[in-house]
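The structure appears right after this line, and notes come after that.
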Amino acid sequence: MAVLIYAENWEGKFKKLTFELASYGAQLASMIQTQLVAVSIGEVADEELLKLGNYGVSKVISLNHPQLQSFDSRQITRAIAQVAEQVEASALVLSANNSGKALAPRLAVRLKAGIASGVNQLPTSISPFVVSKKVFSGGAFASLTINTTVKILTLLQNSMELKEQIVSCTIERFEPTLDGGLTSPKVLESHKHAGKILLSDAEIVVSGGRGMKSADNWAPLLELAELLNAATACSRPISDEGWRPHDEHTGQTGKIIAPNLYIAIGISGATQHIAGVSSSKCIVAINNDKSAPIFESAQYGIVGDAAKVLPKLIDALKVIKNK
Amino acid sequence: MNILVCISNVPDTTVRIKLADNGATIDNTGIQWIINPWDELALTRALELRDDPSSGVKQVSVAHVGLVGAEPTIRKALAIGADNAYRVNCDPADAFQTAACLASIVKNASFDLILCGIESSDYNGSNVGGMLAEMLDWVSVSGVSFLKVENGSITVNREIDGGRETLQVQSPCVCVVQKGIAKEPRIAAMRGIMQARTKTIAVSEWNGAESLTTVASYQPPKARPSCKFFDADSPEKLLEALQNEAKVI
Ligand SMILES: Cc1cc2nc3c(=O)[nH]c(=O)nc-3n(C[C@H](O)[C@H](O)[C@H](O)COP(=O)(O)OP(=O)(O)OC[C@H]3O[C@@H](n4cnc5c(N)ncnc54)[C@H](O)[C@@H]3O)c2cc1C
């Protein structure tokens with residue numbers, strides 16, 4: 001028996017979310033009294049693979065196959081399912097990111113496993129297996145019972161504290177059996193956003209809405225973000241207007257994020273916007289309307305004109321940073 | 001080429017969810033039901049393609065798994081422009097059951113491309129599209145933010161962590177679509193509403209597919225502590241709280 005995590009890599013490196021996944025997996029494994037195994041696909045140096053051992057992974061199963069080089073979720077599903085069967089995984093945990101969302105449902109069918117997606121906490125009970133998840137975009141939570149022998153969970157990014165737990169870790173190679181049946185999607189072009197802190201990875205996010213008044217007013221928001229080492233986001237009308245790029249659009253129809261700190265500047269706090277940020281640990285709102293709904297979600301607020309508050313906030317932050 | 005768009009029937013996204021029977025169920029009274037926003041955008045894109053002769057798309061169908069009460073939502077999809085509709089008469093308990101019902105429709109028809117929204121705004125699962133693809137043993141692409149069909153050849157953009165890829169995909173395939181797939185949802189015109197009345201909704205009975213999960217109970221979201229306000233002229237107080245109280249900077 002085992003808990004199996006899918007340890008995705010980015011050009012041969014793991015990210016914080018990989019270790020969050022391991023930290024979650026290790027706690028789950030101890031709840032069901034079994035070991036934690038990770039599966040890694042592609043070329044990752046042993047030294048990198050062994051880092052998983054710092055977060056409770058006792059075995060890494062590493063596989064590399066030419067057919068797995070481009071992201072074909074059908075083939076990758078086959079490979080991970082074979083690993084899951086070999087280690088007799090009773091639970092599989094993937095990140096609730098783009099690749100996790102592509103793989104988890106396919107794996108669920110292949111392994112006949114019930115799935116709870118986008119969880120941010122450990123199960124409340126193991127037998128029956130009950131885990132809480134957000135539903136109605138944060139309007140409620142559901143205690144979901146998974147009734148199958150194998151369970152699949154996808155974990156929201158930044159919802160788990162890293163928990164170091166050094167164990168001895170071994171690496172095993174695995175040859176998956178893939179089929180030549182269908183043509184994999186062919187990558188024609190690939191584009192990377194270079195050098196930016198990714199919104200999904202960021203621990204702090206500074207976000208602007210219509211209250212910023214114009215695209216030309218973004219400089220102080222960007223400065224604040226830089227000082228805080230934060231990613232930048234925006235409400236939907238802002239990306240619709242082309243004031244900011246589409247990949248910054250946060251909310252129900254954009255990105256769903258859970259940073260430690262979300263600073264909403266000139267954002268009214270419409271339910272569709274909150275749907276994307278309600279899992280943030282702390283929300284700060286700056287808005288000139290005291291009755292704006294954003295203050296219902298915020299822990300801290302400043303009522304005032306963004307154009308005036310931002311420079312003062314930046315100055316105050318610089319003072320702290322220079323201390 | 002024939003496209004199938006899978007549509008979910010969800011509460012209007014502005015509605016405040018109320019629980020009933022001590023959290024055993026959701027209180028449905030007074031809820032306005034709509035096409036899941038993602039599915040509506042998927043449908044919009046499918047119709048744009050059908051209306052462009054160079055795409056080779058001939059027909060756009062919609063499919064829904066649900067009881068007869070969802071027919072107004074299906075009619076709305078027909079009014080927006082879908083050519084015909086399918087409904088499996090089953091109140092699905094989870095994504096697995098939904099996908100299994102949809103698979104039974106697909107197996108008895110000839111679709112080349114299936115579009116699903118990235119998630120439904122009710123259960124936020126993000127599962128039906130991928131499950132359906134695996135049940136059919138089709139290729140699937142998730143996170144699709146752009147879709148082009150030219151003479152039956154499919155090109156998509158797929159969002160990945162930190163970037164984007166352009167892919168060429170062979171049909172049959174399932175595309176799970178997200179932001180960018182269409183700009184604004186298409187609105188039904190009077191003529192479309194009239195025509196929708198005569199379009200067919202083919203109803204099939206539940207095929208016995210089971211669900212693998214059940215909702216034991218619902219809970220309201222945790223009440224957030226009320227907002228602590230700081231004076232606009234002393235933002236250093238706010239920073240102090242973020243450092244020492246919330247410990248987030
Ligand atoms: C199906 C659907 C899906 C949607 N999905 C999303 C989504 O994913 N994300 C999203 O964001 N929206 C989404 N929306 C739109 C959403 O309903 C709101 O319209 C949108 O979030 C409002 O953006 P905003 O807060 O920037 O603008 P507004 O609502 O116009 O709010 C601007 C705020 O700025 C304040 N303000 C004005 N001037 C100043 C100033 N000088 N200084 C400080 N504050 C000022 C105002 O008091 C106001 O609160 C969706 C809508 C629908 C129907």
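Which whole-Hz couplings ³J(HN,Hα) result when phi for each residue of segment A:126-142 is put into the Karplus expression 6.51 cos²θ - 1.76 cosθ + 1.60, θ = phi - 60°, listed in order with x for Gly and Pro?
Working through the residues one at a time gives 9, 9, x, 7, 10, 9, 8, 9, 6, 10, 6, 6, x, x, 7, 10, 10 Hz.
Which residues make up the longest stretch of chain A that has no GluC sites (Glu not before Pro) in a DSSP loop with at most 13 other Cβ atoms within 10 Å?
A:242-323
When Cβ neighbours within 10 Å are restricted to other protein chains, what is their mean count per residue of peptide A:223-230?
Taking the mean over all residues of the peptide, I get 1.
Can you tell which of A:G242, A:G304, A:G53 shows the greatest fluctuation in a Gaussian network model of chain A with Cα springs below 10 Å?
In the Gaussian network model the winner is A:G242.
Antiparallel versus total DSSP beta bridges in chain A: what percent is that, nearest 5?
In chain A, DSSP labels about 15 percent of beta bridges as antiparallel.
Report, ordered by chain and residue number, the aspartates and glutamates lying within cross-link reach of B:K18, taken as a straight Cα distance under 19 Å and ignoring same-chain residues fewer than 8 apart.
Cross-link targets: A:E296, B:D27, B:D122.
Which residue, A:A79, A:L28, A:P66, has the largest displacement toward the positive end of the dipole of chain A when charges sit on each Cβ (Lys, Arg +1; Asp, Glu -1)?
Farthest along the dipole direction, towards plus: A:L28.
Residues with amide H under 5 Å of A:I283's amide H, sequence separation 5 or more or different chain, H placed in the peptide plane at 1.01 Å from N; which?
Sorted by chain and number, the residues that satisfy this are A:Y262, A:Q299, A:Y300.
Highest GNM mean-square fluctuation, chain B, Cα pairs closer than 10 Å: which of B:V15, B:V60, B:V177?
Evaluated over chain B, the most mobile residue of the options is B:V15.
From the phi angles alone, apply the Karplus equation (6.51, -1.76, 1.60; θ = phi - 60°) to segment A:168-185 and give each ³J(HN,Hα) in whole Hz, x where the residue is Gly or Pro.
7, 10, 10, 10, 10, 8, 9, 9, x, 9, 10, 10, x, x, 9, 6, 5, x
Using +1 at the C-beta of Lys and Arg and -1 at the C-beta of Asp and Glu, which of A:N288, A:A275, A:I257 has the Cα lying farthest in the positive direction of the dipole of chain A?
Among A:N288, A:A275, A:I257, the one farthest towards the positive end of the dipole of chain A is A:N288.
Considering Cα pairs under 8 angstrom that are at least six residues apart, work out the relative contact order of chain A and quote it in whole percent.
It rounds to 14 percent for chain A.
Within 10 Å of each Cβ in peptide A:93-104, how many partner chain Cβ atoms are there on average? Round it to a whole number, please.
That works out to 4 on average.
Scan around A:S190 for amide H atoms under 5 Å from its own, H built in the peptide plane at 1.01 Å from N, and keep only partners 5 or more places away or cross-chain.
Here B:T166 satisfy the definition.
Put +1 on the Cβ of every Lys and Arg and -1 on every Asp and Glu Cβ in chain A; which of A:L182, A:G139, A:I115 then has its Cα farthest towards the positive end of the dipole?
A:G139
For the protein assembly as shown, with only Lys/Arg (+1) and Asp/Glu (-1) charged at the beta-carbon, what is the dipole magnitude about the Cα centre, in debye rounded to 20?
Dipole of the protein assembly as shown, to the nearest 20 debye: 700 debye.
Measure off 7 Å from each Cα along the Cα-to-Cβ vector at B:K237 and A:E175, then give the distance between these two points in nanometres to one decimal.
7.0 nm
Can you spot the lysines whose alpha carbon is less than 21 Å from B:K76's alpha carbon? Ignore those fewer than 8 places along the same chain.
The reachable lysines, counting only those whose Cα sits under 21 Å from B:K76, are B:K58, B:K183, B:K199.
Each residue of segment B:47-63 in order: what ³J(HN,Hα) in whole Hz does its phi give by Karplus 6.51 cos²θ - 1.76 cosθ + 1.60, θ = phi - 60°, with x for Gly and Pro?
Result, rounded to whole Hz: 6, 4, 5, 4, 7, 9, x, 6, 6, x, 7, 9, 9, 10, 10, 10, 10.
Please list, in chain and number order, the residues 5+ apart from B:G125 or on another chain whose amide H is under 5 Å from its amide H, with Hs placed from the backbone.
Here the answer is B:S120, since their amide H atoms fall under 5 Å of that of B:G125.
Give A:K101/A:K186; A:K163/B:K222; A:K213/B:K237; A:K15/A:K290 a once-over and call out the pairs whose C-alpha atoms are over 28 Å from each other.
A:K15/A:K290
How much of the DSSP beta bridge set in the protein assembly as shown is antiparallel, as a percent to the nearest 5?
Close to 35 percent.
So if we plug the beta-carbon distance of B:M190 and B:N108 into 1/(1 + (r/R0)^6) with R0 = 41 Å, what FRET efficiency do we get, rounded to 0.05?
0.75
Under 10 Å, Cα contacts only: if you run a Gaussian network model on chain B, which one of B:I31, B:I118, B:I201 comes out with the highest mean-square fluctuation?
In this elastic network of chain B, the residue with the biggest mean-square fluctuation among B:I31, B:I118, B:I201 is B:I31.
Please figure out what share of the DSSP beta bridges in chain B is antiparallel and state it in percent, rounded to the nearest 5.
Counting only bridges with both partners in chain B, antiparallel ones make up about 40 percent.
Run the reach check for B:K247 against aspartates and glutamates, Cα to Cα strictly under 16 Å, same-chain hits fewer than 8 apart removed. What comes back?
Here the aspartates and glutamates satisfying the reach criterion relative to B:K247 are A:E161, A:E203, B:E236.
With only Lys, Arg, Asp and Glu charged, each at its Cβ (+1 for the first two, -1 for the last two), find how big the charge dipole of segment A:204-321 is about the Cα centre; round to the nearest 20 debye.
In debye, rounded to 20, segment A:204-321 gives about 240.
Values quoted throughout were computed directly from the atomic coordinates according to the rules given, and no laboratory measurement underlies them. Predicted model only: the values in this text are computed from it and were never measured. All Cβ positions, even for glycine, are placed from backbone atoms using ideal geometry, and neighbour counts span all protein chains on display.
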